[in-house]
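Worksheet for the structure shown next.
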2 protein chains.
Amino acid sequence: MSLFGSNPFPAPGPKAELEEGAVLSPRFGADGLITCVTTDAATGEILMVAHMNAEALEKTIETGEAWYWSRSRGELWHKGATSGQIQTVKEMRIDCDQDALLLKVEVAGDGGCCHTGRRSCFYRKVESSGAAARLVVD
Amino acid sequence: MSLFGSNPFPAPGPKAELEEGAVLSPRFGADGLITCVTTDAATGEILMVAHMNAEALEKTIETGEAWYWSRSRGELWHKGATSGQIQTVKEMRIDCDQDALLLKVEVAGDGGCCHTGRRSCFYRKVESSGAAARLVVD
């Protein structure tokens, strides 16, 4: 049991093993979290970026549904438990140095993901001319 | 000039403005960084997850090419400057609470992105049966 709860995953090994090996040894940050990008398994659309602690990742693997760590609420977060927008994991991937996860999911309920009611959290484009930038919903 | 270098972006406003407004006011973390997901503009494939400080984001907006902050090297990182894998930004998006960016890019050079030589950093699938998990390159 660490400061951040139990971590059932093996500690990250040397670089070659981390990058080419078959062992899942996620590199949680100093805050105990790993970044997770979640996409729509059917369309590839990026739905959200969230974070997992070891327990959330373990539950995601065990249940096949996405669990995150809510930084704002400071608690484990079974996505969709209240909204019905449960995310069933169709595929999980991890990056080269094992500090980022990718979930390809199927979203239940109304298919939404963002707390603002949109399907994706990335509903605004950054438009710029030179150094100036503004956000445009599209 | 803050602890993390100059930050030319306005400070994040109230929630409604942050989520629905037209002002780019990125929420950098305590480490001065914001998460950035980078995808292939043509195919939608997720290439990498990296981080930007305010200067990297400013340079990305100004130049139309992806700049990141390398946490391992502790320095500003013009992606592709040495490898030729320059990322030209075709579209930039930001999420609801402005703590994650999405870049859709066109990659120059050999079209690669990962330092291991692969096109994407997410070259391994997490396969699981119950609680056990292993990584498979595919």
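The values are calculated or read from the model by the stated rules, or taken from the named source; none is laboratory data. Predicted, not measured: the structure shown is a model, and the values here were computed from it. Using ideal geometry, Cβ is built from the backbone for each residue, glycine included, and neighbour counts are taken over all protein chains shown. Areas reflect the complete protein model, heavy atoms only, side chains present, ligands, DNA and RNA absent. Shrake-Rupley method; radii C 1.70, N 1.55, O 1.52, S 1.80 Å.
Results, tabulated for the structure shown:
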quantity: Kirkwood Rh (inverse of mean 1/r, distinct Cα pairs), chain B, angstrom; calculated: 16.2
quantity: Flagged links, alpha-carbon separation over 23 Å, of A:15/A:90; A:90/B:79; A:15/B:125; A:59/A:79; calculated: A:15/A:90; A:90/B:79
quantity: Copies compared at residue A:110 - label distances in nm, ascending, label defined 7 Å from Cα in the Cβ direction; calculated: 4.8
quantity: Under 12 Å, Cβ to Cβ, from residue B:67 - net charge with Lys/Arg +1 and Asp/Glu -1; calculated: -3
quantity: Residue B:94 accessible area, 1.4 Å probe, all protein chains in place, Å² to nearest 10; calculated: 0
quantity: Cα-centred dipole magnitude for the protein assembly as shown, charges only on beta-carbon of K, R (+1) and D, E (-1), debye, nearest 20; calculated: 20
quantity: Protection proxy ranking, peptides A:60-71, B:62-73, A:12-23, average beta carbon neighbours within 10 Å, highest first; calculated: A:60-71, B:62-73, A:12-23
quantity: Nearest-first distances (nm) between copies at residue B:78, label 7 Å from Cα via Cβ; calculated: 5.1
quantity: Estimated 222 nm signal from helices in the protein assembly as shown, with DSSP H stretches of n ≥ 4 weighted -39500 (n - 2.57), rounded to 500; calculated: -3000 deg cm²/dmol
quantity: Percentage relative contact order, chain B, counting C-alpha pairs under 8 Å, at least six apart; calculated: 21
quantity: Stokes-Einstein D for the protein assembly as shown, Kirkwood Rh over Cα pairs, 25 °C, 0.890 mPa s (µm²/s); calculated: 128
quantity: Difference of contour (0.36 nm per residue) and Cα-Cα distance, residue A:83 to residue A:22; calculated: 18.4 nm
quantity: Residue A:30 versus residue B:31: modelled label distance in nm, points set 7 Å from Cα along the beta carbon direction; calculated: 0.8
quantity: Rounded tilt (10° steps) of B:54-63 against the dominant C-alpha axis of chain B; calculated: 80
quantity: 7 Å along Cα→Cβ, label-point gaps from residue B:62 to other copies, nm, shortest first; calculated: 5.0
quantity: Separation between Cα centres of the stretch B:1-57 and the stretch A:50-101, rounded to whole Å; calculated: 22
quantity: Inter-chain shielding of A:87-99 (mean C-beta neighbours from other protein chains, 10 Å cut-off); calculated: 5
